Amino acid sequence: MSDEQPGDRRAAALPRLSTGSRELDEILGGGFPTNSINIIMGEPGSGKTILAERLMFANAGDDRPILFFTTLSEPLAKVVRYLQEFEFFQEAKLVSGAVIYDSLGEDLATEGVKGLVPRLKEAIKTLSPKIIVIDSFKAIHDLSSSVPEMRRMLYEVAGLMTAYDTTVFLVGEYDEQMIPSLPEFAVADGIVELARRKQGTRDERYLRVLKLRGSHYQEGLHAFRINARGLEVYPRLTSPEVPTDYSNDRRRVSTGVTGLDQMLRGGFWVGSSTLIQGSTGSGKTTLALQFVLDGLTRGEPGLYLNFQENPTQLARSIEGLGMNVDEAKARGLHLMYASPVELQIDSILVKLFGIIKERGIKRVAVDAVGDLVHASSDLPRVLGYLYALSQHFSARKIASVMTLETSDVGLGPIAGHVSAMSDAILRVAVERVHDRSRRVLQVIKARGTEHDLDVREFVITGKGLDMVP
Amino acid sequence: MAAEGSRDVGGRLLVLVVERDPHIRELEAHFLELAGFAIEFAADGKAALELARKVLPDVIITEILVPKLDGLALCRQIKSDPVTSGISVLIFSILAASARAKDAGADAFLSKPLADHRLVDTVQTLLEQRRRSEPKEHT
């Protein structure tokens, strides 16, 4: 047939199945397409079964049941026992038969891999399942006596599962090297990998979509944590699809320091990102905090993200600038403290954007960027995040400052990259001339504006940083 | 209730399934038989046309992508022949061809994959529509 008509083209996108996690659904381009065969792969303990079970309970309803088959790896009772530890577990759905746990162990033990297709066919005919999960499918693979036998079985499984309106998840302890050689990957419409990487004294978990037919999914490593809710996923931060040109917006925001506003001919541009660099004790934190507090006096909610000072220490610093911390919070200040010990850049940024959206934040300070760099084993990843972060701020018309400790050893080329992506760079320092020390500030760079090139002296008073006339 | 001239198989209405995929054939047969229908199969359009003329099924369920005579051409021929024009035709295809199915004279269109309840409901609706459109007997 060649007489296709416009009315025949599929108007709607592929129907999709939610994973139960809004963030993971976003990564997948809306969830897993229905009537697809998907592989969830990863080493033991990587969270594969939890991902599958969360998805099962999120989709279990009054219509068609959801089937979970164990194979020859874990006893059924053990799977169900651990399932009950999670908040998404609903006993009523097990009791009502909306979710059915069953074992293929006996069929496989007696029939080998040939036992699978008749059992699946029987399940379809008697239960009409909406979703079928087989965990572990790798155990079935290991049971096959030859590659041709496995291929024949998979051909049958794929044909059956494509013919019937069900969505299949094959869970297995596969690794990336197996993908080109194992036949199950050839029949899969979707492949999601879960991985774990040791980072200092803690583990970082990552999720990656390797394949998802018919889907505009987000590539790359997405961090996640396992908690009582299942997998808490933090989609990788990428630059906004349409970068904004902040130079079109001729508005300025005050830096919070009158003399500095004059040096910049009116302050920072709206939506611009500024790097404040300097050594310890040079006044970086004071300037960053002052910038955020100044916004509060102008009705602009602000967010201060820091990794060094705990909330008590920070409250003291705010009061040192002449503002009561409760009053500041009432005016729209949000303090976000992330311990350097537990730092995972993805989770921090997801929280940060959540607060920005929720509170209508207009000014952001990140103090200090070096702590983010040190917390990650993957420097290019941090660099990509920082770039994307500044692009998102720009797109949202948020003026931001980031502090950078210049004496910080180990930052290496990152410092140069961070400088390059900043719209403006301020240098603060304590200079010693003979027996006298003085604080100085210099505008190193300010895109799109003429600025004062001179090194200017400033003092820190009870109200913060003040330029010396 | 069977159409005039159709074969009522042991009190069951007859559905002719035109399908090459063995899995779909098996599942269609299972769910339709479970719903009380008798089933005949054809694996290509030409064989289906011959069989339809011979057994006069109540409903034909056909994929478009079948050999020798595609499902849409089969539908046109069924609908243009006064002997078979009363048979309800359901196009059940992997192709997004709802408009083409309608143009070919099909009574209904369903997209694959097979969803048992949707398939059985559609067949029953077609039979109900035909029953309503038949002239009532005078008593």
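The values are calculated or read from the model by the stated rules, or taken from the named source; none is laboratory data. For clarity, every value in this text was computed on a predicted model and none was experimentally measured. Heads up, the Cβs are rebuilt from the backbone with ideal geometry, glycines too, and the neighbour counts pull from every protein chain shown.
Scanning segment A:350-380 for residues that are buried (at least 21 other Cβ atoms within 10 Å of the Cβ) and of a type in the set (Val, Ile, Thr) yields A:Ile361, A:Val364, A:Val366, A:Val369, A:Val373.
Only one of the numbered conditions (1) touching a helix residue (DSSP H, G or I) at 6+ places or on another chain (Cβ under 9 Å); (2) within 20 Å of A:Leu289 (Cβ to Cβ); (3) basic (Lys, Arg) is not met by A:Arg439, and that is (1). For segment A:98-128, filtered to residues that are within 14 Å of another protein chain (Cβ to nearest Cβ) and among the polar types (S, T, N, Q), the residue that is surrounded by the most Cβ atoms within 10 Å (Cβ to Cβ) is A:Ser128. A Cβ distance below 6 Å, combined with a sequence gap of six or more or placement on separate chains, defines the contacts here; from segment A:86-107, residues that are under 12 Å from A:Ala60 (Cα atoms) reach residues that are of a type in the set (A, V, I, L, M) in the pairs A:Phe89/A:Leu83; A:Lys93/A:Ala60; A:Lys93/A:Val99; A:Ala98/A:Ala60; A:Val99/A:Met56; A:Val99/A:Ala60; A:Val99/A:Ile66; A:Ile100/A:Leu67. Please count how many residues of segment A:142-177 are away from chain B (no Cβ under 14 Å) and touching a Phe, Trp or Tyr at 6+ places or on another chain (Cβ under 7 Å). Residues in segment A:142-177 being away from chain B (no Cβ under 14 Å) and touching a Phe, Trp or Tyr at 6+ places or on another chain (Cβ under 7 Å): 3 in total. Just to be sure, is A:Glu300 crowded, with 18+ Cβ neighbours inside 10 Å and part of a loop (DSSP other than H, G, I, E, B)? So A:Glu300 fits the description; yes. If you go through segment A:36-45 one residue at a time, do you hit one that is surrounded by fewer than 22 Cβ atoms within 10 Å (Cβ to Cβ), among the hydroxyl-bearing types (Ser, Thr, Tyr) and in contact (Cβ under 8 Å) with a residue 40 or more places away in the chain? No; the residues of segment A:36-45 include none that is surrounded by fewer than 22 Cβ atoms within 10 Å (Cβ to Cβ), among the hydroxyl-bearing types (Ser, Thr, Tyr) and in contact (Cβ under 8 Å) with a residue 40 or more places away in the chain. Is segment A:129-137 home to any residue that is surrounded by fewer than 16 Cβ atoms within 10 Å (Cβ to Cβ) and away from chain B (no Cβ under 14 Å)? No - not one qualifying residue is present in segment A:129-137. Residue check: B:Arg25 meets all listed conditions (1) modelled with pLDDT under 95; (2) more than 14 Å from chain A (Cβ to nearest Cβ) but one, namely (2). Of A:Gly302, A:Gly320, A:Gly332, A:Gly278, all but one fail to be over 27 Å from the mean Cα position of the chain (by Cα) and either modelled with pLDDT of 90 or more or not assigned by TED's automatic domain parsing to the domain that holds A:Ser422 (or both); the exception is A:Gly278. Can you say whether A:Arg225 is more than 14 Å from the chain's Cα centre (by Cα) and touching a residue at least 40 places away in the same chain (Cβ under 8 Å), as far as the supplied structure shows? When the stated conditions are applied, A:Arg225 does not pass them.
Annotation note: of B:Val59, B:Val66, the sole residue that is touching a Lys or Arg at 6+ places or on another chain (Cβ under 7 Å) and not small (Gly, Ala, Ser) is B:Val66. Checking the stated criteria, B:Leu90 turns out to be of a type in the set (A, V, I, L, M, F, W, C), more than 14 Å from chain A (Cβ to nearest Cβ), within 30 Å of A:Lys121 (Cβ to Cβ) and in contact with a strand residue (DSSP E or B) (Cβ under 8 Å, 6 or more places away or on another chain).
Considering only residues that are touching a helix residue (DSSP H, G or I) at 6+ places or on another chain (Cβ under 8 Å), part of a strand (DSSP E or B) and of a type in the set (D, E, K, R), which ones fall in segment A:442-469? Selection gives A:Lys445, A:Arg456, A:Asp466.
Given the criteria out of contact with any Asp or Glu (no Cβ under 9 Å at 6 or more places or on another chain), within 14 Å of chain A (Cβ to nearest Cβ) and not in a strand (DSSP E or B), does B:Lys68 qualify? When the stated conditions are applied, B:Lys68 does not pass them.
Residue count for segment A:57-93 under the criterion of being part of a helix (DSSP H, G or I), closer than 16 Å to A:Gly20 by Cβ and in contact with a Phe, Trp or Tyr (Cβ under 9 Å, 6 or more places away or on another chain): the result is 4.
Of the residues making up segment B:98-117, just one is more than 8 Å from chain A (Cβ to nearest Cβ), surrounded by fewer than 20 Cβ atoms within 10 Å (Cβ to Cβ) and assigned to a helix (DSSP H, G or I), namely B:Lys102. Of all residues in segment A:178-209, those being within 28 Å of B:Leu27 (Cα to Cα) and either in contact with a strand residue (DSSP E or B) (Cβ under 8 Å, 6 or more places away or on another chain) or within 14 Å of chain B (Cβ to nearest Cβ) (or both) number 7.
Restricting to segment A:392-420, name every residue that is at pLDDT below 85 and either in contact with a Leu (Cβ under 7 Å, 6 or more places away or on another chain) or in a helix (DSSP H, G or I) (or both). Selection gives A:Pro413, A:Ile414, A:Ala415, A:Gly416, A:His417, A:Val418, A:Ser419, A:Ala420. All conditions in (1) within 25 Å of A:Arg316 (Cα to Cα); (2) of a type in the set (Ser, Thr, Tyr); (3) crowded, with 22+ Cβ neighbours inside 10 Å hold for A:Thr461, with the sole exception of (3).
Of all residues in segment B:40-73, which are of a type in the set (Val, Ile, Thr) and closer than 14 Å to B:Ile87 by Cβ? Those that are of a type in the set (Val, Ile, Thr) and closer than 14 Å to B:Ile87 by Cβ: B:Val55, B:Val59, B:Ile60, B:Ile61, B:Thr62.
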